[in-house]
Amino acid sequence: MFKEKTTEEIQAASRIAGTSKGAVYNNPRYRAWFYQLAMMLGLLYFFYSIISNTLGNMEALGAKTGFSFLSAAAGYDVLMSLISFDATDTYARIFVVGFLNTVLVSVIGIFFATVFGFIFGVAHFSHNWLIRKVAITYVEIFRNIPLLLQVFFWYFAVLSALPGTRESLSLGEAFFLNVRGFYFPRLIGEGGSWVVYASIFVAIFGVFFLKHWAKKNQEKTGEQFPVFYTSLGILFGLPLFFALVTGFPFTIEYPVLKGFNYTGGITVIPELMALSLALSVYTGAFIAEAVRAGIQAVPHGQTEAARSLGLKENRVMSLIIVPQAMRVIVPLLNSEYQSLVKNSTLAAAIGYPDLFNVFVGTALNQTGQAIETIFMTVVVYFILNMIISFLMNRFNSSVALVTR
Amino acid sequence: MKKISSLVVGGLALVALGAQAGTLEDVKKRGVLSCGVSTGLAGFSQKDEKGNWSGLDVDVCRGVAAAVLGDASKVQYKPLTAKERFEALRSGEIDVLSRNTTWTHTRDTSLGLNFAGTIYYDGAGFMVRKAIGVKSATELDNANACIQAGTSTELAIADYFRENNMSYKAVTFDTSDQTRIGFESGRCDFLVSDQSQLYALRIGLNNPDGAVVLPEVISKEPLGPVVRQGDDEWFNIVKWVVNASIEGEFQGVTSANVDKLKKDGNPAQLRFLGTEGKLGENLGLSADWAYQVIKQVGNYAESFERNVGQDSPLKISRGLNAQWNKGGILYSPAMR
Ligand SMILES: N[C@@H](CCC(=O)N[C@@H](CS)C(=O)NCC(=O)O)C(=O)O
């Protein structure tokens, strides 16, 4: 934001720029720089000493240091991996496996936390007594119970109580749920399947275009276009149409019980389910509070003005209140998302193979290289949170109040 | 600025504490031995309702305390998970790690640690639920395994399944309790661990009769106490306390007859118990160090039977862990 400079500031600036004749060390600007620089160097020296000292001590103990362990075979297996992995692969690959698992659980967690947060946050203002009470109870319960306890609850109390493999709950011999996870069929694309994939992209672009057009059109003519249902139609209709035209170029791989386990299809392990559930329900409660605060920050006059224009209740919410509330909500979302990523390290408690668990946990233990593994992991969490921050800041400036 | 420089100095001082020799002096000065044990494993290290620790691993701690401080009860126990144990030792939080830890080449050579002997020759094995009707590990293809994270077991099972061209899913947990619950809830078909620990875990199940331990032993797991590398004096003490317990059995010295033998035993016994010679002095300990170990903790046989053998719920037979002249491989170097 620009603001007019006061005369004092202008004077100060010209003084700093060297118009005054005082000695360099009396110049407040140089002095400030000097202190900053000294502080920086001090800090750098501090960290340098800590690290070199510790490494020196480790070497004195006869412990191995350095990053050469990354190319050694890990020799142990991980429960879940988005890329192929077996015990002969390296620690470097374990690092990637853990990283992807962390990203996966974070993305799932953030998505559902946002959904829960907005549903329960808005429900707080419902005219229905029951809905309102449910929303309040949700927030009060899940915000006040330690997250670790919730992780244990979902994992050891809820998901462990599911039936065994042979007694699985099933739906149409295609979906199975048991104590070892949730299994569902997988589509495997064949020859012409790219046409269908392409049509999905086209449909997504089409929807964006449609939204844009509908808005313009409404501004011009005042007519409303049923964007939602048309979008739904495009999103599902287009790929379906092409799938039919190309003669459904997919095979469906169903999960089948083979020996001890279901194989084939896609498996969602209970560790992932429990962790995503706990993270999204917990963080959702905080987001619900943020949403509530955001909505309450919108002056009541806005609601009344919207009503007097004849807007229906739900449109008042979605067109007038929530967009304005976003200015308050988005910065809060940023920190909730960041906490969620950091909280995902509770994975170790139930054995979900996230980065922290497989790297700072097992790899550190097997190699003894604490400094190296912790350093690498810290950097990853730091970068992940920087990315969230960056994206949310972009989003924030797009919802910020635009004065015309 | 002043604050910052003092912060720097403080930080450096803290880090510089890392490497240290002189564990013996530290322990003597402190008057109590800090010993790392498991979080609770029947027969090896286990706490009763009154807060007293017992077990084969605990007896190593008690033996060292008896030899160094003259009192086997002067031990402070630190329960550690498999993942935490080596860092706890390296950072100086504990003086000895005695937590069913397998002596492996990698651990001995790259962690900055030294293994002070073997107190139990073990091997990894499998426990399955009876209901699945498996008689041999070779029938476990495509099954799920419950494993404790940060153990040598994780490596042993990967080898075994690869060697036999079978696949499995490794479900790992941080503590042995969680591992057991995972097994009981049916998340896994079998639990892998050192055989001795399988027996210990089995008696802790809600329904011990519903589980069986399979006959296969898939790896070598010699378990023993560990110390920091670079403190040879301390390394020697722990090593010879382990040997004293084994030698005690070999020479027929028990906690019951040790007082008598200290006076009128044969030359080897008199030397062992410090009546003659200067074995204790060479270790930097009092002459009666081994006497204290046997008197207060008992010899290996006593310790074994009391904790994991016939006088315990585990009822493990001596097997490999018998003296070399009784069909086992226990052998203490010469006590002279
Ligand atoms: N001997 C192996 C395995 C040791 C181990 O941690 N075993 C588990 C058995 S499930 C245990 O004793 N857990 C007890 C605890 O975590 O306190 C090693 O050194 O890595």
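Can you name the residue in region B:76-106 that is among the charged types (D, E, K, R) and within 18 Å of residue A:362 (Cβ to Cβ) and, of all such residues, is surrounded by the fewest Cβ atoms within 10 Å (Cβ to Cβ)?
Checked region B:76-106; the qualifying residue surrounded by the fewest Cβ atoms within 10 Å (Cβ to Cβ) is B:87.
Name, by its number, the condition in (1) exposed (fewer than 14 other Cβ atoms within 10 Å of the Cβ); (2) in the same structural domain as residue A:337 (by TED's automatic domain parsing) that does not hold for residue A:286.
With (1) exposed (fewer than 14 other Cβ atoms within 10 Å of the Cβ); (2) in the same structural domain as residue A:337 (by TED's automatic domain parsing) applied to residue A:286, the lone miss is (1).
Going by what's in this entry, would residue B:31 be described as without any contact (Cβ under 8 Å) to a residue 60 or more places away in the chain, more than 18 Å from the chain's Cα centre (by Cα) and either open to solvent by less than 40 Å² (accessible area, probe 1.4 Å) or not assigned by TED's automatic domain parsing to the domain that holds residue B:316 (or both)?
Yes; evaluated as a whole, the condition is true for this residue.
So, of the residues in region B:304-336 that are of a type in the set (S, T, N, Q) and open to solvent by less than 10 Å² (accessible area, probe 1.4 Å), which turns out to be farthest from residue B:243 (Cα to Cα)?
The qualifying residue farthest from residue B:243 (Cα to Cα) is B:312.
Working carefully through the options B:210, B:252, B:186, find the one that is within 14 Å of chain A (Cβ to nearest Cβ), surrounded by fewer than 17 Cβ atoms within 10 Å (Cβ to Cβ) and away from the ligand (no atom under 13 Å from the Cβ).
Sole residue among the options that is within 14 Å of chain A (Cβ to nearest Cβ), surrounded by fewer than 17 Cβ atoms within 10 Å (Cβ to Cβ) and away from the ligand (no atom under 13 Å from the Cβ): B:210.
If residue A:224 satisfies every condition in (1) open to solvent by less than 40 Å² (accessible area, probe 1.4 Å); (2) farther than 30 Å from residue A:256 by Cβ; (3) modelled with pLDDT under 90 but one, which is the exception?
Checking residue A:224 against (1) open to solvent by less than 40 Å² (accessible area, probe 1.4 Å); (2) farther than 30 Å from residue A:256 by Cβ; (3) modelled with pLDDT under 90, the one that fails is (1).
Any residue that is among the aromatic types (Phe, Trp, Tyr) and within 14 Å of another protein chain (Cβ to nearest Cβ) - is there at least one of those in region A:373-395?
No, region A:373-395 contains no residue that is among the aromatic types (Phe, Trp, Tyr) and within 14 Å of another protein chain (Cβ to nearest Cβ).
When the residues of region A:25-37 are narrowed to those that are away from chain B (no Cβ under 14 Å) and open to solvent by less than 100 Å² (accessible area, probe 1.4 Å), which ends up modelled with the lowest pLDDT?
Only one residue fits best here, namely A:26.
May I ask you to list pairs of residues, at least six apart or on different chains, whose Cβ atoms are under 8 Å apart, with the first in region B:40-66 being of a type in the set (Lys, Arg) and the second being more than 15 Å from the ligand (Cβ to nearest atom)?
These pairs meet every condition: B:62/B:72; B:62/B:73; B:62/B:75; B:62/B:296; B:62/B:297.
Suppose the filter is more than 32 Å from the chain's Cα centre (by Cα), crowded, with 18+ Cβ neighbours inside 10 Å and under 23 Å from residue A:359 (Cβ atoms); does residue A:61 pass it?
For residue A:61, the condition - more than 32 Å from the chain's Cα centre (by Cα), crowded, with 18+ Cβ neighbours inside 10 Å and under 23 Å from residue A:359 (Cβ atoms) - is met.
Answer yes or no as to whether residue B:223 is in contact with a strand residue (DSSP E or B) (Cβ under 7 Å, 6 or more places away or on another chain), at pLDDT 95 or above, within 16 Å of the ligand (Cβ to nearest atom) and within 14 Å of chain A (Cβ to nearest Cβ).
Working: in contact with a strand residue (DSSP E or B) (Cβ under 7 Å, 6 or more places away or on another chain): yes; at pLDDT 95 or above: yes; within 16 Å of the ligand (Cβ to nearest atom): yes; within 14 Å of chain A (Cβ to nearest Cβ): no.
No; evaluated as a whole, the condition is false for this residue.
Away from every other protein chain (no Cβ under 14 Å) and within 23 Å of residue B:157 (Cβ to Cβ), is that true of residue A:107?
On the way: away from every other protein chain (no Cβ under 14 Å): yes; within 23 Å of residue B:157 (Cβ to Cβ): no.
No, not satisfied.
Mind listing just one residue for me: the one in region A:246-271 that is away from every other protein chain (no Cβ under 12 Å) and touching a helix residue (DSSP H, G or I) at 6+ places or on another chain (Cβ under 8 Å) and, of those, farthest from residue A:110 (Cα to Cα)?
That would be A:246.
Which of the residues belonging to region B:65-96 are within 12 Å of the ligand (Cβ to nearest atom) and out of contact with any Cys (no Cβ under 8 Å at 6 or more places or on another chain)?
B:79, B:80, B:81, B:82, B:83, B:84, B:85, B:86
Residue A:241 versus (1) open to solvent by 80 Å² or more (accessible area, probe 1.4 Å); (2) free of Cβ contacts under 8 Å to residues at least 40 places away in the same chain: which is the lone unmet condition?
(2)
Among the numbered conditions (1) within 14 Å of another protein chain (Cβ to nearest Cβ); (2) modelled with pLDDT under 95, tell me where residue A:171 comes up short.
All conditions are met except number (1).
Would you please name the residue that is surrounded by the fewest Cβ atoms within 10 Å (Cβ to Cβ), looking only at residues in region A:367-400 that are in contact (Cβ under 8 Å) with a residue 60 or more places away in the chain and closer than 13 Å to residue A:66 by Cα?
Looking at the filtered set, the residue picked out is A:371.
The values are calculated or read from the model by the stated rules, or taken from the named source; none is laboratory data. Source: prediction; values computed, not measured. Heads up, the Cβs are rebuilt from the backbone with ideal geometry, glycines too, and the neighbour counts pull from every protein chain shown. Calculation scope for accessible area: heavy atoms of the full protein, side chains included, ligands and nucleic acids excluded. Shrake-Rupley method; radii C 1.70, N 1.55, O 1.52, S 1.80 Å.
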